[in-house]
Amino acid sequence: MFTRFLSWLKRSEDNPADPRIRLGPDDAALVSVRDGKVIAYTLDVTLSHKEFVTRELGELPDGAWVGTIRKLDGAVVAMNSRTYYGNQLPAPPEVFTAVRAAFR
């Protein structure tokens, strides 16, 4: 546990001027995006997408997207929630833009 904290601390110091949330190679997050902005997220990936939405938003707002993000070959990628969309395909381009603006 302590070594994971030290790893997180080092990652946060890599570029302190960059306000985006840093994801390490093994990190993932549940995220909701609406109108080009991340409106909610959690690093607690033990939650289902449904439970995440319930806890953070009450219900998924009209026009909002929900899914999982993670790093793949050094790039932040976003995948649809199977619960909400029936697939785990890559998110729409506007979601990628919003997620990459908030996470690095």
Could you work out the relative contact order of the range 2-102, using alpha carbon pairs under 8 angstrom and six or more residues apart, expressed as a whole percent?
26 percent
Please state the shape class of the range 29-76: rounded when a/c is under 1.5, otherwise prolate if a/b exceeds b/c and oblate if not, all from the C-alpha gyration tensor.
oblate
In nm, give the distance between the simple-model label positions of T42 and V77, each being 7 Å from the Cα along the Cα-to-Cβ direction.
2.5 nm
Compute the relative contact order of the range 15-72 as a whole-number percentage, counting only Cα pairs closer than 8 Å that sit 6 or more residues apart in sequence.
44 percent
In Å and on Cα atoms, what radius of gyration and Dmax does the range 2-102 show?
13.7, 41
Long-range amide H partners of L23 with built H, under 5 Å
R104
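No value in this document is a laboratory result; all are computed from the given coordinates. Remember, predicted model here, so these are calculated numbers, not experimental data. Note: ideal-geometry Cβ built from the backbone for every residue, glycine included; neighbour counts use all protein chains shown.
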